[in-house]
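Here's the structure, in structure tokens; my notes come after.
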Amino acid sequence: MNALNTIRKKLNTEQVEDETQQVAPPEFKTSIVKVKPQPRKHKVISYGYRVLVDEEVPEMYTFMYLPDPEQAEDLHRGYVPAGFSAGVPVDDQMVYFHTREGSTGPEYQVVYTRPDPDGGDVPAAFSMVLEWTDDVDAIWIQALQRLEDSMELSEDALNFLDADPLWLFGIADPATQRALEKTAVVPMLRCMGQRPCIEEWFAYLNADEKGDADYRWVVESFAEVELPQPWTSFKGVGSVVCYLNNESNETTWKHPFYDYFAQLLNHCRRSTHEEHIKLRINRVLWAYEAESQTDLQSQMPLVAPKMVKTLGEILGCDLVEEPFMVRTLKTFLKAFSQMYHEGELDTQEVKWCLEIVENERAKMAVAKQMPYETDPTEQLDTGAGQVYCIECGTVATCYCPECGDCLCEQCFGRLHARGNRASHQPNHFIPCAICKVNPAKLQCTYTRGKYCTDCYQKKHAKTLPKFLELKPLKIDYKQPHARATEDSSREVEISAAKLAEEADPEIKETFSKPAPLETTLGEKWHAFYDLRGVKYYYNFETQESMRRPQDELICPPAPLDAAAKAKRREVVGQLAMSKDPRLIPDWHEGVEGPPKDDDDD
């Protein structure tokens with residue numbers, strides 16, 4: 001049995017080897033394109049490119065054709081390009097022929113669409129789009145049959161289309177083949193629209209849009225650069241951008257600055273991350289200086305939203321999501337500009353800048369995780385409930401306007417026993433007339449009682465007459481005693497500009513200032529200065545700019561009667577200082593403000 005199995009294995013092995021030897025590799029017969037004696041009418045939309053395998057064109061992409069129909073024996077080798085598009089006009093319509101690179105060879109597609117006679121976007125009743133196939137003769141015969149059955153074209157048009165498609169659409173044309181040979185040596189910029197898109201510029205520099213995403217700025221700079229004199233550009237045959245030298249009448253596909261940007265792209269690929277950033281910053285500063293020398297009147301300052309945004313893109317900062325980085329980028333711009341004028345930027349400086357950016361992000365992440373601590377003094381204005389001493393945490397009994405702290409009696413005496421603090425005078429809290437616990441913040445103008453916010457709104461307000469529009473008087477514990485007792489008859493008119501200057505916490509020499517307190521715009525608005533030194537604010541998220549503060553937005557205090565103003569300040573000062581029961585002047589119907597004293601006459 002073992003011997004028989006061995007013989008069977010040998011027979012099977014020999015049979016498989018025989019069958020393997022019988023299977024020969026497929027043979028591709030080079031086709032010969034037939035020439036029809038009729039004028040050429042094709043219009044090349046895109047020449048496409050040669051398909052290369054091991055730097056050679058495969059046999060399935062080759063054919064033989066006659067460059068000159070009169071010389072029948074002079075056959076030349078031609079190549080079917082991938083990405084080729086052309087059209088042939090017939091009866092005021094167009095029949096399109098496209099090629100692409102397939103798995104086993106070139107694939108073809110035929111498209112015919114008659115547009116709407118009324119000018120609409122929807123095509124007419126008949127349209128033909130034949131799917132991709134690798135058999136050019138079969139797809140063209142199918143296309144002619146469908147066009148003939150639809151009776152869309154005339155008999156002369158059908159006779160004109162009855163030709164070899166490679167010859168009819170210009171693939172077997174000496175001009176097309178010469179253009180394909182030229183694309184293998186000279187770079188070619190395709191333009192399928194009115195202007196070349198960024199993808200076409202990537203292909204022009206032999207760059208990959210995903211693999212070379214970090215060097216996109218090189219391609220964008222190449223696309224935006226202006227042609228030098230005397231060069232001009234135009235869209236030539238096959239949707240190829242041609243460059244014309246008006247002095248020598250030389251026409252070429254090669255951009256005058258192609259070699260410079262190709263070398264710049266290769267240099268960026270070989271450089272490190274820090275060297276790449278250094279190169280970009282040098283180019284940005286150089287472009288800024290060149291632009292300022294060309295048009296000095298309209299040139300914006302260096303620290304401008306455009307330059308800050310550009311530097312943020314270089315350092316990988318998203319200013320929409322990270323507005324806190326704007327101030328740091330302004331400092332970087334000033335430092336880089338100084339180094340640029342003194343000499344060359346240092347790579348170590350770039351490394352330190354990257355570390356600073358990461359440290360700023362870490363600080364912001366830590367700050368967001370920290371719990372928000374409220375100022376106890378804020379409860380004197382808006383909050384309700386009890387106020388506690390900032391030193392010992394017990395219930396506070398007074399407020400020091402000079403220190404800005406809520407303190408108990410023991411802590412106030414201990415902290416204000418000596419030094420300049422000994423002259424501070426506290427404003428003692430008045431207990432609420434109802435709860436006897438919380439400090440009173442409102443005084444009723446009807447009963448003259450003092451109440452906390454909760455007791456006044458929930459209890460006392462319900463006992464007041466409804467036909468009277470009564471508003472309570474706010475007890476201001478933050479009013480300093482010295483300011484309340486000074487001579488207030490002297491009127492001081494403060495303009496809107498003065499208010500904005502006093503509210504700005506930063507010094508004038510700094511080039512980054514936040515919005516004034518009375519016109520706070522939020523963290524997304526950042527301060528800049530124009531050429532005239534006028535301050536404005538810019539939002540990187542909405543890309544809006546505005547000049548704040550404005551005179552109409554900052555309203556100065558309305559002038560008051562001198563006597564009434566002095567009397568009011570005196571009453572408020574006494575309420576804040578005295579521990580005795582506090583009374584307000586009698587209320588009189590129809591009389592605005594407190595009544596005049598006999599001593600005022």
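In sequence order, what are the phi-derived ³J(HN,Hα) couplings for the stretch 165-180 according to the Karplus relation 6.51 cos²θ - 1.76 cosθ + 1.60 with θ = phi - 60°, rounded to whole Hz, with x for glycine and proline?
Going residue by residue, I get x, 5, 7, 5, 9, x, 5, 8, 10, x, 5, 5, 5, 5, 5, 5 Hz, with x marking Gly and Pro.
Given H placed 1.01 Å from N in the peptide plane, which residues other than close sequence neighbours of VAL95 have an amide H under 5 Å from its amide H?
VAL88, VAL90
With every protein chain left in place, what is the accessible area of HIS267 in Å² (1.4 Å probe, nearest 10)?
90 Å²
What does the charge count near HIS341 come to, summing +1 for each Lys or Arg and -1 for each Asp or Glu among other residues with Cβ under 12 Å from its Cβ?
Once all neighbours under 12 Å are counted, the net charge is -2.
Could you compute the FRET efficiency for ARG77 and ILE141, with r as their C-beta to C-beta distance and R0 at 22 Å, rounded to 0.05?
Taking R0 as 22 Å, the efficiency between ARG77 and ILE141 is 0.30.
For the stretch 237-336, what percent of Cα pairs sit more than 23 Å apart?
Counting pairs separated by more than 23 Å, the tail of P(r) holds 49 percent.
Between LYS34 and ASN246, what is 0.36 nm times their sequence separation minus the Cα-Cα distance? Round to one decimal in nm.
Taking 0.36 nm per residue and subtracting the Cα distance, the gain is 72.2 nm.
So what J values fall out for the stretch 348-363 if you push phi through Karplus, 6.51 cos²θ - 1.76 cosθ + 1.60 with θ = phi - 60°, rounded to Hz, Gly and Pro as x?
5, 4, 5, 4, 5, 5, 5, 5, 5, 4, 5, 5, 5, 5, 5, 5
Whose amide H sits under 5 Å from the amide H of TYR388, counting only residues 5 or more places off or on another chain, with H placed in the peptide plane?
Those qualifying (amide H under 5 Å, at least 5 residues apart or on another chain) are ALA396.
Once you've got the Cα coordinates, tell me which of LYS254/LYS334; LYS471/LYS524; LYS368/LYS474; LYS450/LYS478 are over 28 Å apart.
Violating the 28 Å limit, Cα to Cα: LYS254/LYS334; LYS471/LYS524; LYS368/LYS474.
Within the set of other residues whose C-beta is less than 14 Å from the C-beta of VAL53, count the net charge using Lys and Arg as +1 and Asp and Glu as -1.
-4
Only loop residues by DSSP count here, and only those with at most 13 other Cβ atoms within 10 Å; note down the trypsin sites (Lys or Arg not before Pro) in the stretch 168-233 that meet that.
Taking the stretch 168-233 and a limit of 13 other Cβ atoms within 10 Å, the loop trypsin sites (Lys or Arg not before Pro) found are LYS210.
Read phi for every residue in the stretch 50-65 and hand back ³J(HN,Hα) as whole Hz from Karplus 6.51 cos²θ - 1.76 cosθ + 1.60, θ = phi - 60°, with x for Gly and Pro.
7, 8, 10, 10, 6, 6, 9, 7, x, 5, 5, 9, 10, 7, 10, 8
The values are calculated or read from the model by the stated rules, or taken from the named source; none is laboratory data. Please read these numbers as outputs of a predicted model, since none were measured by experiment. Here the Cβ is made from the backbone with ideal geometry for all residues, glycine too, and neighbour counts use every protein chain on show. Ligands, DNA and RNA are stripped out before the accessible areas are found, and what is left, the full protein with its side chains, is counted by its heavy atoms. Shrake-Rupley method; radii C 1.70, N 1.55, O 1.52, S 1.80 Å.
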